1. Given (1) away from DNA strand C (no atom under 12 Å from the Cβ); (2) under 14 Å from residue A:111 (Cα atoms); (3) within 14 Å of chain B (Cβ to nearest Cβ), identify the lone condition not met by residue A:27.
2. State all residues of segment A:97-119 that are surrounded by fewer than 16 Cβ atoms within 10 Å (Cβ to Cβ) and outside any helix (DSSP H, G or I); if no residue qualifies, say none.
3. Of the conditions (1) modelled with pLDDT under 95; (2) crowded, with 17+ Cβ neighbours inside 10 Å; (3) within 16 Å of the chain's Cα centre (by Cα), residue B:71 satisfies every one except a single condition; which number is it?
4. Hey, any hits in segment B:13-23 for a residue that's more than 9 Å from chain A (Cβ to nearest Cβ), at pLDDT below 95 and within 16 Å of DNA strand C (Cβ to nearest atom)?
5. If you take the residues in segment A:41-85 that are more than 12 Å from DNA strand C (Cβ to nearest atom) and out of contact with any helix residue (DSSP H, G or I) (no Cβ under 7 Å at 6 or more places or on another chain), which one is farthest from the other protein chains (Cβ to nearest Cβ)?
6. Of all residues being within 7 Å of another protein chain (Cβ to nearest Cβ) and in a helix (DSSP H, G or I) in segment B:120-130, which is farthest from residue B:40 (Cα to Cα)? Just the residue, please.
7. Take residue A:135 and decide whether it is under 16 Å from the mean Cα position of the chain (by Cα), assigned to a loop (DSSP other than H, G, I, E, B) and within 12 Å of chain B (Cβ to nearest Cβ).
8. Cβ-Cβ distance below 6 Å, separation of 6 or more or different chains: which pairs start in segment A:57-70 with a residue that is on the phi < 0 side of the Ramachandran plot and end on one that is more than 12 Å from DNA strand D (Cβ to nearest atom)?
DNA sequence: TTGAATTAGTTGCATAACTAACTATATGTC
DNA sequence: GACATATAGTTAGTTATGCAACTAATTCAA
């Protein structure tokens, strides 16, 4: 086997999640330090509901790029925390519409602020053009494998 | 809260693991289709042992960016699969040196080939300069949070 | 209008992650 | 030499992921 294969392999370390894991860990830590007891995965669901309340679980799957069982269980846990509520759709009873609770509303500004701070820390020394280019590359990678 | 906060938030979807998850899933699928029953996490440990056999668990933590409990269990599972063996160090008995088995050696070329193919699919339409730039950005992000 | 196919969501099982608390060995200092 | 500290690794509990098999509701077509 050629050494070239190993050089290519190094890419995995960076394209495959090292930076993203670091961001997630930092944000999770910030939440905890401020006494906010939700996981970043739960937060990512809330994030999309803050943009638009009353999404179906399937719509949450699409928005978060997670699969159906993952959303089922995240919604389970968010319901236990009384942050969201499942409401069966009237038109199509297969569908659960997910609605935010009042408690979730109060989390919004506080956690958004932390998320922005974390992103600012993460992106220190990275220009807007670099960010855009990175996004474009990662989008192409995602599309290539979709 | 400003809309700007939500715009920044969009970055999470891409910097936070969507592309890397897609690559991991694809590689895992390729393994499975070729009857190779290891997970990509297990593979990532083997990958570093192929580069240098006989690393300690702590060295594997550093190489893979995983924490100690994660490596403990990955090595547990790799040992069950008879792909590696723990050997207590003679000089410092706290340390486990991890050695590849013969079975692991035969996996090397086959899985490396699949990893390269997967990367090629993932990186279709992405230039070498873009890859380098992306790596540099993700490295900076990682260093910012370290 | 009945029966097949599709869609939305759930459940079970295995693997993996993070945190915190733990054991065992080694080191360093008084 | 003995005790404090640091280091390597393990264990336990909770959360999350992927996959496959499942239920229930809806749609489509003969």
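1. Residue A:27 satisfies every listed condition except (1).
2. Applying the first criterion (surrounded by fewer than 16 Cβ atoms within 10 Å (Cβ to Cβ)) to segment A:97-119 yields A:99, A:101-103, A:105-106, A:109-110, A:113, A:117.
Of everything in segment A:97-119, those that are surrounded by fewer than 16 Cβ atoms within 10 Å (Cβ to Cβ) and outside any helix (DSSP H, G or I) turn out to be A:99, A:101.
3. The single condition residue B:71 does not satisfy is (1).
4. Just the residues of segment B:13-23 that are more than 9 Å from chain A (Cβ to nearest Cβ), to begin with: none.
No, segment B:13-23 has no match at all.
5. Within segment A:41-85, the match that is farthest from the other protein chains (Cβ to nearest Cβ) is A:80.
6. Step one: filter segment B:120-130 for residues within 7 Å of another protein chain (Cβ to nearest Cβ), giving B:121-126, B:130.
If we keep only those that are in a helix (DSSP H, G or I) as well, we get B:121-122, B:130.
Numbers: B:121: 17, B:122: 16, B:130: 25 Å.
Only one residue tops the list, namely B:130.
7. no
8. Cβ pairs passing all conditions: A:63/A:48.
The values are calculated or read from the model by the stated rules, or taken from the named source; none is laboratory data. Since this is a predicted model, take the numbers as computed values, not measurements. Ideal geometry is used to build each Cβ from the backbone, glycine not excepted, and the neighbour counts take in all protein chains shown.
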